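Enquirer: Please read through the structure below; I'll follow up with questions.
The values are calculated or read from the model by the stated rules, or taken from the named source; none is laboratory data. None of these values were measured; they are calculated from a predicted model. Methodologically, a virtual Cβ is constructed for each residue, glycine included, from the backbone with ideal geometry; neighbour enumeration extends over all protein chains shown.
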């Protein structure tokens, strides 16, 4: 039976979702301008810097858009599956977290636009921003923690009142996602509060650079899975219901999320393979742990395509790939996330290359890396979030997705994929030719190699323009979803297939799994951090813009 969505919960969810899309739109403007500048198509006014745009683009899209959307989406699912509405205490924590993050976001954007924080979204030392930029980041992190505590509160209360029952899959995955976030952000919180804020205020003269970068990447790689796990929730739980199928295996889905929790945090050194000051042994150890994350990714791929095939066979599909034709290709709620799934295949392969020591030496600090994370977060994750939006906003607002908006959703997805093909494809290709990332337009004094890069830069700019058109279409869709015809839109929670194995109770022994995660983190980081304190490499701050 369909449960009505509590209006108070709807306001909280909608506030997060709309804030996320405002950040996405502003970040998209910065990204399009950045691409046209780098290609040499336009020249910015003297009072606007390229690296200001680059920082705004990264912060707004990679940090703000994703965090707000994820928290809003998780709160919606937790509300729906754990009792039908949020506890007053959980809702209150959600609002406090929202306003704390929003104050931090506004401060951070102002500081960036004033040209006082042109340090990119990878804000580690020795480049130094205004202390207010770091304070803004701290507020965003603290606000997200408060929202996470609200989710934990809702879950624990449900467990107490439903003893002996297995928690709903959506809620279970939400808890894993926020646990991952809470543990991972400890590193960046320590970096910002203990190192960067005192340093930027001038209370200390120098900062330990290797430690700063290590604390950031302790957070920086799990951030990728904080982006991905909500997309996986959609793929595992929502998509089966949308297509009319069943979840292949509840226990497999839960185990894959536990493996992400265990192995996606103690792997930050694979972002520092080219960096001195870290022992080769510990780099190798964390590369091994990085490759362990491939296992739950493959489990996810197997489960999803098993779901698709079983659904197709139930509809009479014949032959090896007959089930493929049975999928609802004209439904934007399915089409957008499915294209995200397909793009994640080359995106994941690129991640394996980045984490491999010898191959990483070829692509390190080139546009290949930029192309990689545009495939992961800007395509696989973003398209899935777009697909969620097509039913989540109507569900909250008591409206329906019209046939016209559905067709626009299909067109927007195609537009996004074409734009990303040009942009990310060019980035990957020119990165293999040695083109560095994080640089504005330059021909390096007309060096022959740099001249050969320029056509790829133009292709990137064209791709960025197409993506911006897709973003405008999305903004138009979101606006119309708020004003669509009144009606009931289902919150699509899938059911587990008949005959699937019973979910083992040990998967909800949180003390066990968090304990193992902590042990792995201590193993991967304790001795390297001790070594960093003993062989300190300190630096003053640099302002290069």
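Enquirer: Have a look at 84, 35 and point out the one that is out of contact with any helix residue (DSSP H, G or I) (no Cβ under 7 Å at 6 or more places or on another chain), more than 19 Å from residue 133 (Cβ to Cβ) and in contact (Cβ under 8 Å) with a residue 24 or more places away in the chain.
Expert: 84
Enquirer: Follow-up. Look through 305, 269, 260 and report the one residue that is part of a helix (DSSP H, G or I), surrounded by 23 or more Cβ atoms within 10 Å (Cβ to Cβ) and at pLDDT below 95.
Expert: Being part of a helix (DSSP H, G or I), surrounded by 23 or more Cβ atoms within 10 Å (Cβ to Cβ) and at pLDDT below 95 holds for just one of 305, 269, 260, which is 269.
Conditions tested, residue by residue: (1) in contact with a helix residue (DSSP H, G or I) (Cβ under 6 Å, 6 or more places away or on another chain); (2) closer than 30 Å to residue 18 by Cβ; (3) exposed (fewer than 12 other Cβ atoms within 10 Å of the Cβ).
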residue: 467; (1), (2), (3): yes, yes, no
residue: 476; (1), (2), (3): no, yes, no
residue: 496; (1), (2), (3): yes, no, no
residue: 507; (1), (2), (3): yes, no, no
residue: 517; (1), (2), (3): yes, no, no
residue: 521; (1), (2), (3): no, no, no
residue: 525; (1), (2), (3): no, no, no
residue: 536; (1), (2), (3): no, no, no
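Enquirer: Quick one: count up the residues across segment 518-536 that are assigned to a helix (DSSP H, G or I) and either at positive phi or over 29 Å from the mean Cα position of the chain (by Cα) (or both).
Expert: The total comes to 6.
Enquirer: Run residue 279 past the list (1) closer than 19 Å to residue 532 by Cβ; (2) buried (at least 18 other Cβ atoms within 10 Å of the Cβ) and report the number of the one that doesn't hold.
Expert: The one condition residue 279 does not meet is (2).
Enquirer: Find the residue count for segment 485-499, including only residues that are under 30 Å from the mean Cα position of the chain (by Cα) and within 16 Å of residue 7 (Cβ to Cβ). So that I can check it myself, show each step before the final result.
Expert: Step one: of segment 485-499, the residues under 30 Å from the mean Cα position of the chain (by Cα) are 488-497.
Pick out the ones that are also within 16 Å of residue 7 (Cβ to Cβ) and you get 488-489, 491.
Result for segment 485-499: 3.
Enquirer: Follow-up question, since we're still on this one. Scanning for something part of a helix (DSSP H, G or I), at pLDDT 95 or above and surrounded by fewer than 20 Cβ atoms within 10 Å (Cβ to Cβ), does segment 50-57 turn up at least one residue?
Expert: No, segment 50-57 contains no residue that is part of a helix (DSSP H, G or I), at pLDDT 95 or above and surrounded by fewer than 20 Cβ atoms within 10 Å (Cβ to Cβ).
Enquirer: On the basis of being surrounded by 24 or more Cβ atoms within 10 Å (Cβ to Cβ) and modelled with pLDDT under 95, does residue 44 make the cut? It would help to see each step written out before you state the result.
Expert: On the way: surrounded by 24 or more Cβ atoms within 10 Å (Cβ to Cβ): no; modelled with pLDDT under 95: yes.
No: the conditions fail for residue 44.
Enquirer: Let me ask you something else. Quick one: which residue in 264, 256, 251, 279 is free of Cβ contacts under 8 Å to residues at least 60 places away in the same chain and either closer than 19 Å to residue 341 by Cβ or out of contact with any strand residue (DSSP E or B) (no Cβ under 7 Å at 6 or more places or on another chain) (or both)?
Expert: Of 264, 256, 251, 279, the one residue that is free of Cβ contacts under 8 Å to residues at least 60 places away in the same chain and either closer than 19 Å to residue 341 by Cβ or out of contact with any strand residue (DSSP E or B) (no Cβ under 7 Å at 6 or more places or on another chain) (or both) is 256.
Here is a yes/no grid of residues against (1) in contact (Cβ under 8 Å) with a residue 24 or more places away in the chain; (2) under 20 Å from residue 232 (Cα atoms):
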site: 154; (1), (2): yes, no
site: 170; (1), (2): yes, yes
site: 174; (1), (2): yes, yes
site: 188; (1), (2): yes, no
site: 195; (1), (2): yes, no
site: 198; (1), (2): no, no
site: 204; (1), (2): no, no
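Enquirer: Which of the numbered conditions does residue 86 fail, given that it passes all the others? Conditions: (1) crowded, with 21+ Cβ neighbours inside 10 Å; (2) within 20 Å of the chain's Cα centre (by Cα); (3) closer than 29 Å to residue 234 by Cβ.
Expert: Single failed check for residue 86: (2).
Enquirer: Which condition breaks for residue 319 when tested against (1) over 15 Å from the mean Cα position of the chain (by Cα); (2) part of a helix (DSSP H, G or I)?
Expert: Result: residue 319 passes all but (2).
Enquirer: Whether any residue in segment 297-308 is over 23 Å from the mean Cα position of the chain (by Cα), without any contact (Cβ under 8 Å) to a residue 60 or more places away in the chain and within 30 Å of residue 521 (Cα to Cα) is what I want to check. Break it down stepwise before answering.
Expert: If we filter segment 297-308 for residues that are over 23 Å from the mean Cα position of the chain (by Cα), which is where we start, we get 306-308.
Applying the additional criterion that residues be without any contact (Cβ under 8 Å) to a residue 60 or more places away in the chain yields 306.
Now restrict to residues that are within 30 Å of residue 521 (Cα to Cα): none.
No, that holds for no residue.
Enquirer: If you don't mind, there's one more thing I want to ask. Go through (1) modelled with pLDDT under 95; (2) crowded, with 23+ Cβ neighbours inside 10 Å; (3) not in a loop (DSSP other than H, G, I, E, B) and name the single condition residue 237 misses.
Expert: (1)
Enquirer: Restricting to segment 130-139, count the residues that are in contact (Cβ under 8 Å) with a residue 60 or more places away in the chain and surrounded by fewer than 24 Cβ atoms within 10 Å (Cβ to Cβ).
Expert: Here the count works out to 3.
Enquirer: Is it the case, given these coordinates, that residue 229 is without any contact (Cβ under 8 Å) to a residue 60 or more places away in the chain and buried (at least 24 other Cβ atoms within 10 Å of the Cβ)? So that I can check it myself, show each step before the final result.
Expert: On the way: without any contact (Cβ under 8 Å) to a residue 60 or more places away in the chain: yes; buried (at least 24 other Cβ atoms within 10 Å of the Cβ): yes.
Criteria met by residue 229.
Enquirer: Kindly establish whether residue 512 is in a helix (DSSP H, G or I), without any contact (Cβ under 8 Å) to a residue 40 or more places away in the chain, in contact with a helix residue (DSSP H, G or I) (Cβ under 9 Å, 6 or more places away or on another chain) and within 30 Å of residue 404 (Cα to Cα). Working first, answer last.
Expert: Details: in a helix (DSSP H, G or I): yes; without any contact (Cβ under 8 Å) to a residue 40 or more places away in the chain: yes; in contact with a helix residue (DSSP H, G or I) (Cβ under 9 Å, 6 or more places away or on another chain): yes; within 30 Å of residue 404 (Cα to Cα): no.
No; evaluated as a whole, the condition is false for this residue.
Enquirer: Quick one: in segment 325-343, of everything that is free of Cβ contacts under 8 Å to residues at least 40 places away in the same chain and touching a helix residue (DSSP H, G or I) at 6+ places or on another chain (Cβ under 7 Å), which residue is surrounded by the most Cβ atoms within 10 Å (Cβ to Cβ)?
Expert: In the first step, residues of segment 325-343 are kept if they are free of Cβ contacts under 8 Å to residues at least 40 places away in the same chain; the result is 325-326, 329, 342.
Remaining after also requiring touching a helix residue (DSSP H, G or I) at 6+ places or on another chain (Cβ under 7 Å): 326, 329.
Details: 326: 19, 329: 12.
In this case the residue turns out to be 326.
Each row is one residue, and each column tells you yes or no for (1) closer than 29 Å to residue 545 by Cα; (2) within 20 Å of the chain's Cα centre (by Cα).
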{"position": "385", "(1), (2)": "no, yes"}
{"position": "413", "(1), (2)": "no, yes"}
{"position": "418", "(1), (2)": "no, no"}
{"position": "422", "(1), (2)": "no, no"}
{"position": "431", "(1), (2)": "yes, no"}
{"position": "436", "(1), (2)": "yes, no"}
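Enquirer: If you don't mind, there's one more thing I want to ask. Would you confirm, using the coordinates I've provided, whether residue 196 is at pLDDT 95 or above, over 19 Å from residue 73 (Cβ atoms) and either assigned to a loop (DSSP other than H, G, I, E, B) or touching a strand residue (DSSP E or B) at 6+ places or on another chain (Cβ under 8 Å) (or both)?
Expert: When the stated conditions are applied, residue 196 passes them.
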